[in-house]
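Peer 1: Okay, handing you the structure first.
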Amino acid sequence: MALYSEKVMDHFRNPRNVGVIEDADGVGEVGNAKCGDIMKIYLKIDGGVISDVKFETFGCGSAIASSSMATELIKGKPVEQALELTNKAVAEALDGLPAHKLHCSVLAEEAIKAALKDYYDKNGIEYDAEKFRFADCAHCEK
């Protein structure tokens with residue numbers, strides 16, 4: 001059995017939405033230099049809908065694929081719906097990740113939440129802080 005699914009390999013070899021949005025409405029950066037995976041997500045939001053999303057990721061193939069897939073899953077979606085994206089949904093959309101790479105999908109979820117929190121903060125929009133609580137990345141603590 002292959003270590004990575006065809007979808008993981010496709011998003012790694014041909015990542016979608018790579019780049020920077022200079023006038024982004026929300027920017028989120030998460031990760032840990034010790035484990036080597038750092039993700040930065042840029043959001044452009046128009047009328048409460050994510051009209052554009054870009055990412056920069058420094059990390060392994062699973063991190064790049066997770067970032068790419070996560071951006072595809074939220075592009076064109078209302079902000080509230082994007083906030084509900086889970087790492088499990090990212091991994092499932094990639095047809096799975098090896099257990100030791102699941103932290104990559106967690107980072108993708110957290111980067112999106114960080115960018116949305118930045119958007120809310122910049123615009124004085126109230127939010128439930130519990131929705132922005134991040135899980136500890138046990139992999140990164142080693």
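Peer 1: With just the Cα atoms of the range 1-51, tell me how far they stretch along each of the three principal axes, in Å, largest first.
Peer 2: Largest first, the range 1-51 extends 45, 27, 17 Å along its Cα principal axes.
Peer 1: Considering the dipole of the chain built from charges on the beta carbon (Lys and Arg +1, Asp and Glu -1) around the Cα centre, which of Gly19, Gly59, Thr71 is farthest to its positive end?
Peer 2: Toward the positive end, the furthest listed residue is Gly59.
Peer 1: If a helix is a whole DSSP H run, which ones in the chain reach 30 Å or further along their own axis (Cα) and hold a mean Kyte-Doolittle hydropathy of at least -1.0?
Peer 2: Working: long enough: 102-122 (31 Å, -0.12).
The answer, listed by residue number, is 102-122.
Peer 1: Still on this structure, I have one more. Connecting C-alpha atoms closer than 10 Å in a GNM of the chain, tell me which of Ile21, Ile38, Ile64 has the biggest fluctuation.
Peer 2: Highest fluctuation among the options: Ile21.
Peer 1: Separate question: If you take every DSSP beta bridge fully contained in the range 6-127, what fraction is antiparallel? Give it as a percent rounded to 5.
Peer 2: Working: 17 of 18 bridges.
Here the share of antiparallel DSSP bridges comes out near 95 percent.
Peer 1: OK, next. For the chain, what does the helix formula give at 222 nm: sum of -39500 (n - 2.57) over DSSP H segments with n ≥ 4, over the residue count, nearest 500 deg cm²/dmol? Walk me through the numbers on the way to the answer.
Peer 2: Working: 5 runs with 55 residues, N = 142.
Result for the chain, helices only: -11500 deg cm²/dmol.
Peer 1: Now for a separate question. Quick one: which residues, 5 or more positions from Asp37 or on another chain, have an amide H under 5 Å from its amide H? H modelled 1.01 Å from N in the peptide plane, none for Pro or chain starts.
Peer 2: Asn32
Peer 1: If you take the Cα atoms of the chain, find Rg, then find the Kirkwood Rh from the mean of 1/r over all pairs, what is Rg/Rh?
Peer 2: Working: Rg = 14.2 Å, Rh = 14.9 Å.
Rounded to two decimals, Rg over Rh is 0.95.
Peer 1: Right, something else. When the chain is treated as a GNM, springs tying every alpha-carbon pair under 10 Å, which of Ala115, Ala93, Ala63 comes out with the largest mean-square fluctuation?
Peer 2: It is Ala93.
Peer 1: If you average the alpha carbon positions of the range 118-134 and of the range 13-52, how far apart do those two centres end up, in angstrom?
Peer 2: With the range 118-134 and the range 13-52 each reduced to a Cα centre, they are spaced 16 Å.
Peer 1: Just to be sure I understand: with springs between alpha-carbon atoms less than 10 Å apart, which residue in Val106, Val90, Val49 has the highest mean-square fluctuation in the Gaussian network model of the chain?
Peer 2: The residue with the greatest mean-square fluctuation here is Val49.
Read-outs: derived from the displayed coordinates by stated rules, not from any lab. Everything numeric here is computed off the predicted structure, so don't read it as measured data. Using ideal geometry, Cβ is built from the backbone for each residue, glycine included, and neighbour counts are taken over all protein chains shown.
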